[in-house]
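Step one of this worksheet: look at the structure below.
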């Protein structure tokens with residue numbers, strides 16, 4: 001695993017001309033070690049979090065079998081980088097949607113398919129205990145509005161992972177929506193930048209919403225049942241530089257808005 | 001375009017996004033755009049795009065990362081204008 005992540009140019013898209021910068025060896029090594037640790041403790045942490053969500057919080061999904069079947073079928077049918085871009089309503093959207101897309105035990109055997117996350121450092125990695133927890137759940141904490149060099153290094157790490165077949169999850173809204181609708185006001189354009197850095201990236205847009213999610217909240221209510229819709233997108237842009245990243249992020253947010261509209265039309 | 005003209009245009013752009021207009025009065029090259037001018041981090045992208053429009057230049061993602069202070073912005077714009 002460490003060797004797999006440390007290899008510099010033999011990823012599936014290397015032949016397609018990867019434009020992302022070379023990741024420093026220390027970062028590659030750190031990612032390799034984290035992947036290995038996640039894999040080793042996975043039978044405990046992944047199955048444990050699944051049990052907590054299922055039995056302690058009583059979370060459920062509408063049409064769960066169908067969601068999971070489609071996810072696995074699509075992953076099998078297509079190779080290449082996959083970025084998951086989801087709407088953002090609660091603190092625990094990430095584990096919920098990861099569990100919705102596949103049973104947690106499945107990720108024990110398909111570790112690369114468990115998405116990497118970029119939680120806000122002040123929320124999720126503020127003390128040693130939470131830092132360990134987020135580490136074990138494949139998180140690379142990021143500080144919103146923090147040092148640009150540090151943010152850039154995290155994005156480079158994510159591009160590196162994408163190019164090597166790992167799934168990455170990001171929230172293009174940049175923060176939890178205060179209106180409970182897809183919110184562009186704090187859009188995180190790193191999502192578009194990441195798509196550009198990993199050529200051929202397909203974006204799995206995910207719209208996740210609990211039946212009782214009517215207002216801004218930290219957590220879903222206990223016993224919540226979730227609607228989870230997916231839609232694949234292959235964003236492309238003629239625009240260059242930062243404007244290209246913004247354009248791609250806009251396309252993703254537009255798709256999420258369409259999915260949200262569909263959700264409310266069917267409700 | 002003179003340095004003074006570039007500086008004035010940069011300040012005009014920043015004025016649209018700053019939450020601390022008082023800080024604009026004593027602005028210098030070392031003024032931090034996010035911390036001192038209290039520009040929302042999500043709006044920094046819009047600031048850079050406005051620079052592109054105002055100065056008719058193109059800024060890469062990587063170059064945008066180097067903009068922390070007003071001086072960084074001036075340096076970048078001057079380099080792009082040539």
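Every number in this text was worked out from the coordinates using simple rules, so none of it is lab data. This structure is a prediction, so every number in the text was calculated from the model and none was measured. Quick reminder, even Gly has a Cβ in these numbers, built from the backbone with ideal geometry, and neighbours come from all protein chains shown.
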At a threshold of 8 angstrom on Cα-Cα distance, excluding pairs fewer than six apart, so keeping six or more, what relative contact order does the stretch B:3-81 reach in percent? 36
Chain A, Rg to Rh (Cα coordinates; Rh as Kirkwood inverse mean 1/r): 0.93
Can you give me the C-alpha center-to-center distance between the stretch A:75-134 and the stretch A:38-68, rounded to a whole angstrom? 12
The stretch A:235-261 to the stretch B:27-82: how many Å between their Cα centroids? 22
Pairs of alpha-carbon atoms within less than 8 angstrom and 6+ residues apart define the contacts here; what relative contact order does chain A have, in percent? 26
Distance cut-off 15 Å, percentage of C-alpha pairs in the stretch B:3-81 lying past it: 48
Burial ordering of B:74, A:31, A:162, fewest other beta-carbon atoms within 10 Å first: B:74, A:31, A:162
In nm, spacing of pseudo-spin labels at residue B:57 and residue B:17 (7 Å Cα→C-beta vector): 1.4
Residues B:36, A:211, A:93, sorted so that the one with the fewest Cβ neighbours within 10 Å comes first: A:211, B:36, A:93
Where does each of B:6, A:44 land when they are ranked from fewest to most other beta-carbon atoms within 10 angstrom? A:44, B:6
What's the average, rounded to a whole number, of partner chain beta-carbon atoms within 10 Å of each residue's beta-carbon in B:45-57? 2
Chain A - share of DSSP beta bridges that are antiparallel (%, nearest 5): 40
